[in-house]
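To start, the structure itself, in structure tokens.
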Amino acid sequence: MNRGTFFCIDGHTCGNPVRLVTSGHPHLEGTTMSEKRQHFLKEFDWIRQALMFEPRGHDMMSGSFLYPPCTEDGDISILFIETSGCLPMCGHGTIGTVTFALERGLLHPKQPGLAKLDTPAGRVNAHYEMQDGKVNWVKLFNVPAFLAYEKQLVAVPDLGEFTVDIAYGGNFYIIVEPQALFSGTQNTTADQLVAMSRKLRKAVNAQLDCVHPEDPTVRGATHVLWTGDPKNADSSAANAVFYGDKAIDRSPCGTGTSARMAQLFAQGRLQQGEDFVHESYIGSQFIGRVEGVTEVVGKVAILPSIQGWARRTGANCITVDDDDPYAYGFQV
Ligand code: PYC
């Protein structure tokens, strides 16, 4: 039996995949994207698994669906799908989604140059420059980001002790700076980062409660952000972001960059208005900035922006049929 046919625009943001699904959307209940995300996870997670995992996707696959706005002034809503689940917010995914949706005529912001987005994590405003039908860049004004835990000593089975900070930038990030057991991303292979990340994430979540104070459905440290020396002279810092079970982000990671800026700002290592050029594991760059300061339930938080670009690579029509033993994907 054919369970569904999904038309997709495929592409990438600074190297990391974005699959914008343009048909086959399930109807979702709820008045906010956070509620709709919960409904999708409960009833329709098979769609995510089919479109993200092998053989139709791969370890790094990441995508989105567009829905009508949930707010009066919103232009559109985005539901993120990924190998790890449905993220509350995804920065590279938003830059790609906005770029492809504008270029293919799926998004018509009320105010040209500014798309107001409803995401499960909250309002994200996307400023963009479009020329001859192509989007040159997108600059996101992300949800408030904050440092949740500082200098936590975590004993990781088989590895040893790590000292980490945890920050929220749309997802909770375990931030690891060079220390005895880790000498920086420049000296560590992707395979080593993946192996260490899995164990570290498990140990952190066993030790600490990471729950968003305004939305208890946003919980758990899902991503690990390893830091290091950049390859490019104009980068402020480099990272390697682990997500899902085997992925290292090819982009500098929008929510990770927001979390990292929140950490650096809280520790007096980054100032409001200063550019923070963040470099990915493959050397691509986002420009981040602390645009303002606010608070989230009494905690100091930053208002981060992230600027990057995306390119379409093609279109795809994916079918999911029960006669395929791998219809809902697999992981090795
Ligand atoms: O850009 O926010 C991001 C992101 C999350 C996971 C992969 N990329």
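Given the DSSP H assignment, sum -39500 (n - 2.57) over each helix run of at least 4 residues in the chain and divide by its residue total; what's the result at 222 nm in deg cm²/dmol, nearest 500?
Counting only the DSSP helices, I get -6000 deg cm²/dmol.
With θ taken as phi - 60° and the coefficients 6.51, -1.76 and 1.60, list the Karplus ³J(HN,Hα) couplings across region 179-188 in order, rounded to whole Hz; mark glycine and proline as x.
Running phi through 6.51 cos²θ - 1.76 cosθ + 1.60 with θ = phi - 60° gives 7, 3, 8, 8, 9, x, 4, 5, 10, 10 Hz.
Work out the FRET efficiency for E43 and Q111 from their Cβ-Cβ distance, taking R0 = 30 Å, and round it to the nearest 0.05.
0.30
Using a Gaussian network model on the chain with a 10 Å cutoff between Cα atoms, which of M89, M61, M130 fluctuates the most?
M130
Between A206 and N2, what is the label-point separation in nm under the 7 Å Cα-to-beta-carbon projection?
Between N2 and A206, the label points sit 4.8 nm apart.
Name the most mobile residue of G63, G122, G169, meaning the one with the largest mean-square fluctuation, in a Gaussian network model of the chain with Cα contacts below 10 Å.
Among G63, G122, G169, the largest GNM mean-square fluctuation belongs to G122.
Would you work out if region 145-297 is rounded, prolate or oblate? Take a ≥ b ≥ c from the square roots of the eigenvalues of the alpha-carbon gyration tensor; rounded if a/c is under 1.5, else prolate when a/b is larger than b/c, oblate otherwise.
oblate
Using θ = phi - 60° and the Karplus curve 6.51 cos²θ - 1.76 cosθ + 1.60, what whole-Hz ³J(HN,Hα) does each residue of region 230-242 get, with Gly and Pro shown as x?
Going residue by residue, I get x, 8, 8, 5, 8, 8, 7, 6, 10, 8, 9, 9, 9 Hz, with x marking Gly and Pro.
Pulled fully out, how much extra length does the chain show between Q192 and R104, if you take 0.36 nm times their separation in residues and subtract their Cα-Cα distance?
Here the answer is 27.8 nm.
Semi-axes, largest first, in whole Å: what does sqrt of 5 times each Cα gyration tensor eigenvalue give for the chain?
They are 29, 23, 19 Å, listed largest first.
Sequence-distant or interchain residues sharing an amide H contact under 5 Å with W137, placed H: which?
Close amide H contacts, sequence-distant or interchain: E129.
Select from A101, A247, A206 the residue whose mean-square fluctuation is largest in a Gaussian network model of the chain (Cα-Cα springs shorter than 10 Å).
A206
Taking the number of other C-beta atoms within 10 Å as the exposure measure, put I306, I78 in order starting with the fewest.
Neighbour counts put them in this order, fewest first: I78, I306.
Can you tell me the length gained on complete extension of the stretch E54 to D324, counting 0.36 nm per residue apart and subtracting the Cα distance?
96.0 nm
Starting from the Cα-Cα distance between E129 and R269, subtract it from 0.36 nm times their residue separation and give me the gain in nm to one decimal.
Using 0.36 nm per residue and subtracting the Cα-Cα distance, I get 47.3 nm.
Applying the Karplus parametrisation 6.51 cos²θ - 1.76 cosθ + 1.60 with θ = phi - 60° to the phi angles of region 301-309, what ³J(HN,Hα) value in whole Hz is obtained for each residue in order, glycine and proline being reported as x?
The phi angles translate into 9, 9, 9, x, 10, 9, 10, x, 9 Hz.
Counting pairs of alpha carbon atoms under 8 Å apart in space and at least six apart in sequence, what relative contact order in percent does region 145-297 give?
23 percent
We did not get these values from a lab; they are worked out from the coordinates using the rules stated. Just so it is clear, the structure is predicted and the values come from calculations on it, not from any experiment. Cβ sites come from the backbone with ideal geometry, for glycine too, and all protein chains shown count toward neighbours.
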